[in-house]
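The values are calculated or read from the model by the stated rules, or taken from the named source; none is laboratory data. Computed from a prediction, not measured in an experiment: that's the story for all the values here. Note: ideal-geometry Cβ built from the backbone for every residue, glycine included; neighbour counts use all protein chains shown.
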């Protein structure tokens, strides 16, 4: 083992992702690499697709993991659906909404944005009004805004968009596996997630799913998808059908790990897993408030898996994070953008969301704050 | 462990990739996941960049692994360098040259191609003539054409392109770690590779490197890179410099594995590793010819790590591959495109390129052909 790899030690990952990985998933990751066209691997691929459908609560045939991290999933959704000049509406209340705006603009879309203060949710009424003003091909929103800890009302927005007829594109990078994501029930047409949040698998894959309407949109494109690597029509030829035509070499071992992490969630039962997230979230909030700290987001819109807490007065926040990491082997996240220097972001994602981790963190933070 | 993962067993991977992975690399892959901004991880990133520079024989600052498989590296090179209307010349003698043509065309380039029969190398004289006829912004070629087993004269072509002034873009997916790749010496401006060939790391990352001229081209673009995920200017902010601005969550564990696989090659010494590939290639060719088989590619242009051998007369080639896989746990590859049903592709990549593997394969193939 090379010297710098020997310095890696287990860290309690309570930041905005990656999260802690269970031992079974590490074991799956290190299974022998086999060929990407091997019959044993084809079965594993089929099961990963099926497990993802269960977790996304969808019948979508086109459900698979993209060979890249969550942002590659975002890119996949936009690059396959957008053609130059298409009107796109993005609902923005944090970094990941802004990122959607950048991605869509680069692809030549005419992008409008509905923007909200960071820490507040999107208001479906505004979406309703905006859709009366203009025709949009796509409306896009982030379910769990990792930069603020806000849960957007994706189901309610979906009802409004359905009436209007636009395609509905949703980011579930941080929500999938931690709170319910109901792709078909919420009328979502394109959705992407990431492995390194509530799925508790290392980073490297992005599960996506596309509705029949989205597929028809892709099939009736006037222009070729300007991205060979993420072209869904070609990816599909590898991920389903009889021939399994080679597209690119799949990240074999990462797919083993995703298979195992999905199996763990489905064996426990998604609703039990969501309950565990909620319970640990409540316990964390109680602990933080017990230390005199205040949450950023108002109660109905708080994400259980990403907790934004306001910094205590007059504190060197980077120093606290450094002490947590160095003295207590705990990672938490800093604020981003307008929230930099104003909040910490404390993750309770997947395998991290356990009682012993919450109490270990609260004890550590208490001791550091008392040292002053 | 889930049931279908328990069915995975070690396969001798002698196809066109992935290759066999050494135990140290599996061990690195399963080390605890830490944060993508963790100081321990930043050191690992820096060492990966440095190791890649050594193996690519380059001083290029902009040298890093892209978070996707080899084809994502191809996409990265083209999408950062090409703007709509740019003239691009692609030298094509197999699947991966064709793929370059597709990638560049989708990005709006005006693509010319110099095409050669599959199994024959690119002729630098033709490149010379073509560059006299037209001005090209980019000339692109595949070093080791995995679909045919041909080694293209990348160094000689580089001398010609240098005179002309075009940017030189080279695919080293299958060559890096198996034969010498001399990025600076051959005047290469943009190069990509993959982890799952001669680096003997599982698939999932694509090392790339860009010259100062390439960086200047990117910096003077008229249009934004139409691909957020692969935009090098933003990737750079994460991979180097003081601030290490978050772009996307790096595939942490895959980067551990790449670090370890590069360490193994550099500790052994690249030239010893290349010698081992050559010796095993010679031993494989001797074995195949001993069975009465004939190589596709003429001797001076044969790749040591990808051996295309003509099928014996009147054989069910898929059945032979199936028997190799099921009875002997050995994977080899079929022919692609015009070579489908005409050749097998036998890989000797990285950890696969060892004497015991060659003799095991020749013995197995001999016994199957005799049953025939």
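Remarks
- Residues within the range A:311-339 that are surrounded by 13 or more Cβ atoms within 10 Å (Cβ to Cβ) and under 23 Å from the mean Cα position of the chain (by Cα), tallied: 9
Every residue, every condition in (1) within 9 Å of chain B (Cβ to nearest Cβ); (2) surrounded by 23 or more Cβ atoms within 10 Å (Cβ to Cβ); (3) more than 30 Å from residue A:131 (Cβ to Cβ); (4) touching a residue at least 24 places away in the same chain (Cβ under 8 Å), yes or no:
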site: A:172; (1), (2), (3), (4): no, yes, no, yes
site: A:175; (1), (2), (3), (4): no, yes, no, yes
site: A:179; (1), (2), (3), (4): no, no, no, yes
site: A:195; (1), (2), (3), (4): no, yes, yes, yes
site: A:203; (1), (2), (3), (4): yes, yes, yes, yes
site: A:206; (1), (2), (3), (4): no, yes, no, yes
site: A:211; (1), (2), (3), (4): no, no, no, yes
site: A:245; (1), (2), (3), (4): no, no, yes, no
site: A:249; (1), (2), (3), (4): yes, yes, yes, yes
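Yes/no per residue for (1) outside any helix (DSSP H, G or I); (2) at pLDDT 95 or above; (3) buried (at least 23 other Cβ atoms within 10 Å of the Cβ):
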position	(1), (2), (3)
B:25	no, yes, yes
B:40	no, yes, no
B:43	no, yes, no
B:48	no, yes, yes
B:63	yes, yes, yes
B:72	no, yes, yes
B:75	no, yes, yes
B:83	yes, yes, no
B:104	no, yes, yes
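- Assessment of the range A:276-292 against the conditions (under 17 Å from residue B:35 (Cα atoms) and surrounded by fewer than 12 Cβ atoms within 10 Å (Cβ to Cβ)) yields no matching residue.
- Test: residue B:132 is closer than 22 Å to residue B:90 by Cβ, out of contact with any helix residue (DSSP H, G or I) (no Cβ under 6 Å at 6 or more places or on another chain) and either part of a strand (DSSP E or B) or within 14 Å of chain A (Cβ to nearest Cβ) (or both): no
Table: residues versus (1) at the interface with another protein chain (Cβ under 9 Å from one of its Cβ atoms); (2) part of a helix (DSSP H, G or I); (3) surrounded by 20 or more Cβ atoms within 10 Å (Cβ to Cβ).
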residue	(1), (2), (3)
B:32	yes, no, no
B:36	yes, no, yes
B:52	no, yes, yes
B:60	no, no, yes
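- Annotation: residue B:4 fulfils all but one of (1) more than 9 Å from chain A (Cβ to nearest Cβ); (2) surrounded by fewer than 21 Cβ atoms within 10 Å (Cβ to Cβ); the unmet one is (1).
- Tally of residues being under 15 Å from residue A:46 (Cα atoms) and under 17 Å from the mean Cα position of the chain (by Cα) across the range A:262-280: 1
- Any hit, the range A:11-20, residues being under 30 Å from residue A:213 (Cα atoms), more than 7 Å from every other protein chain (Cβ to nearest Cβ) and either surrounded by fewer than 24 Cβ atoms within 10 Å (Cβ to Cβ) or under 16 Å from the mean Cα position of the chain (by Cα) (or both): no
- Test for residue A:142: is it touching a strand residue (DSSP E or B) at 6+ places or on another chain (Cβ under 6 Å) and either crowded, with 24+ Cβ neighbours inside 10 Å or within 20 Å of residue A:273 (Cβ to Cβ) (or both): yes
- Candidates in the range B:154-166 are the residues that are touching a helix residue (DSSP H, G or I) at 6+ places or on another chain (Cβ under 6 Å) and at pLDDT 95 or above; of these, the one that is farthest from residue B:345 (Cα to Cα) is B:160.
Yes/no per residue for (1) in the same structural domain as residue B:116 (by TED's automatic domain parsing); (2) in a helix (DSSP H, G or I); (3) out of contact with any strand residue (DSSP E or B) (no Cβ under 9 Å at 6 or more places or on another chain):
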residue	(1), (2), (3)
B:341	no, no, no
B:356	no, yes, yes
B:364	no, yes, no
B:367	no, yes, yes
